[in-house]
Amino acid sequence: MLLTQEENAALNLRAMYQDFGYKFFRMRRFEEYDFYAGKKDFLSSGHILTFTDLNGKLMALRPDVTLSILKNVSHGKYYYDEKVYRVPMNSDSFREIPQVGIENIGQLEADDVREVLSLAIVSLETIAEGRDFVLDVADAGIVAGLVGGERGSEILACLGGKNVHGLRELHAPDELIALAENPPDELEILGNLNYRPEIHIDFSAVTNLRYYNGIVFKGYIEGFHEAVLSGGQYDMGIGSRGMGFAVYLDVIGNWRGGND
């Protein structure tokens, strides 16, 4: 029986994360709705798919993996192979989205940050199978100090869309416009990773200041029309913090290109 590209990628990534010392984490497909309802600020979409259980409790199909893991553990290194149920950006309907990813949970040192980024690069390399790829990296903490006020969300949207003209029209801070036009060549916390050719400092990677508060990143592979990987550092105010990323297996499965 031949494996699909999506299934083959999942198996290879899971084996790699286990080799790096990450433990497999299995979670429930749904939780009580109240668990997610109080944390909507951390979700990429405020929409949650719900149903009523036989006992009358309102339940929710899992919209986010990280929140589910943090509910159960406060530290450690884990990998997962799960599905989430949410409304993707620029969509008007729910989708089942298969993901493989990792979470390094706890008080992070600089070496932990670099390890997660290195695993993101190796993940892209594994999926790319010889194609070119890039990891766009930025610091959401820097952006958070420059974005605020009533038009903060509009400014952030322009930054994510590399719309410098829009930033100027919204009177965004000069420092933010400078980051969009001419990002720095390196970020101090990345250390020697700054000089890896696959890493590009690009502040358009900062699209959500409610979820991430430190290093954020997105991974792209030649031939794919959207990010195949994204992640970053977070502190969700629920007793834990960490850093991780997800690989979007549906993006891989929808790819129809080739190496010819």
Pairs returned, first residue in region 17-38 that is under 14 Å from ASP64 (Cα atoms) and among the small types (Gly, Ala, Ser), second residue that is buried (at least 17 other Cβ atoms within 10 Å of the Cβ) and at pLDDT 85 or above, beta-carbon separation under 9 angstrom, 6 or more apart or interchain, are ALA37/ILE48; ALA37/ALA60
When region 154-165 is examined, which residues are found to be under 16 Å from ASP136 (Cβ atoms) and either crowded, with 18+ Cβ neighbours inside 10 Å or hydroxyl-bearing (Ser, Thr, Tyr) (or both)?
LEU156, LEU159
Name the helices (runs of 4 or more DSSP H) wholly within region 1-99 that hold at least 3 residues that are of a type in the set (Val, Ile, Thr) and open to solvent by less than 30 Å² (accessible area, probe 1.4 Å)?
65-70
Lone unmet requirement of (1) assigned to a helix (DSSP H, G or I); (2) surrounded by fewer than 21 Cβ atoms within 10 Å (Cβ to Cβ) for GLY148
(1)
Only one of ARG168, ARG131 is open to solvent by 10 Å² or more (accessible area, probe 1.4 Å) and either modelled with pLDDT under 95 or outside any helix (DSSP H, G or I) (or both). Can you tell me which?
ARG131
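Residues of region 39-72 being β-branched (Val, Ile, Thr) and either farther than 22 Å from LEU209 by Cβ or without any contact (Cβ under 8 Å) to a residue 60 or more places away in the chain (or both), which ones?
Once the filter is applied, which keeps residues that are β-branched (Val, Ile, Thr) and either farther than 22 Å from LEU209 by Cβ or without any contact (Cβ under 8 Å) to a residue 60 or more places away in the chain (or both), region 39-72 yields ILE48, THR50, THR52, ILE69.
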Among the numbered conditions (1) assigned to a helix (DSSP H, G or I); (2) closer than 23 Å to ILE127 by Cβ, tell me where LEU156 comes up short.
(2)
Can you pull out every residue in region 100-117 that is buried (at least 19 other Cβ atoms within 10 Å of the Cβ) and polar (S, T, N, Q)?
ASN104
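Residue by residue, here is whether (1) more than 25 Å from SER230 (Cα to Cα); (2) out of contact with any strand residue (DSSP E or B) (no Cβ under 9 Å at 6 or more places or on another chain); (3) not charged (D, E, K, R) holds:
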{"position": "VAL134", "(1), (2), (3)": "no, no, yes"}
{"position": "GLY145", "(1), (2), (3)": "no, yes, yes"}
{"position": "GLU150", "(1), (2), (3)": "yes, yes, no"}
{"position": "ASN163", "(1), (2), (3)": "no, yes, yes"}
{"position": "GLY166", "(1), (2), (3)": "no, yes, yes"}
{"position": "LEU170", "(1), (2), (3)": "yes, yes, yes"}
{"position": "PRO173", "(1), (2), (3)": "yes, yes, yes"}
ILE142 - would you say it is under 21 Å from MET236 (Cα atoms), assigned to a helix (DSSP H, G or I) and in contact with an Asp or Glu (Cβ under 9 Å, 6 or more places away or on another chain)?
yes
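Here is a yes/no grid of residues against (1) open to solvent by 80 Å² or more (accessible area, probe 1.4 Å); (2) over 17 Å from THR66 (Cβ atoms); (3) touching a residue at least 40 places away in the same chain (Cβ under 8 Å):
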site	(1), (2), (3)
ASP174	yes, yes, no
ALA180	no, yes, no
LEU190	no, yes, yes
ASP202	no, yes, yes
VAL206	no, yes, yes
ILE221	no, yes, yes
GLY232	no, no, yes
GLY242	no, no, yes
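Listed residues ARG95, ARG114, ARG86; which is charged (D, E, K, R) and at pLDDT 90 or above?
Working: ARG95 fails: at pLDDT 90 or above; ARG86 fails: at pLDDT 90 or above.
Just one listed residue meets the conditions, ARG114.
Yes or no, residue by residue, for (1) hydroxyl-bearing (Ser, Thr, Tyr); (2) within 24 Å of ARG95 (Cβ to Cβ); (3) touching a Cys at 6+ places or on another chain (Cβ under 7 Å):
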residue	(1), (2), (3)
PHE25	no, yes, no
GLY46	no, yes, no
THR50	yes, yes, no
ASN55	no, no, no
THR66	yes, yes, no
Within region 204-225, track down each residue that is within 15 Å of TYR248 (Cα to Cα) and out of contact with any Phe, Trp or Tyr (no Cβ under 8 Å at 6 or more places or on another chain).
LYS218, HIS225
Would you check if ALA178 is at pLDDT 95 or above and in a helix (DSSP H, G or I)?
yes
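The values are calculated or read from the model by the stated rules, or taken from the named source; none is laboratory data. None of the values given here were measured: they were computed from a predicted structure. Cβ coordinates were reconstructed from backbone atoms using ideal geometry, including for glycine residues, and neighbour counts include every protein chain displayed. In case anyone asks, the SASA skips ligands and DNA or RNA and just uses the protein heavy atoms, side chains included. Shrake-Rupley method; radii C 1.70, N 1.55, O 1.52, S 1.80 Å.
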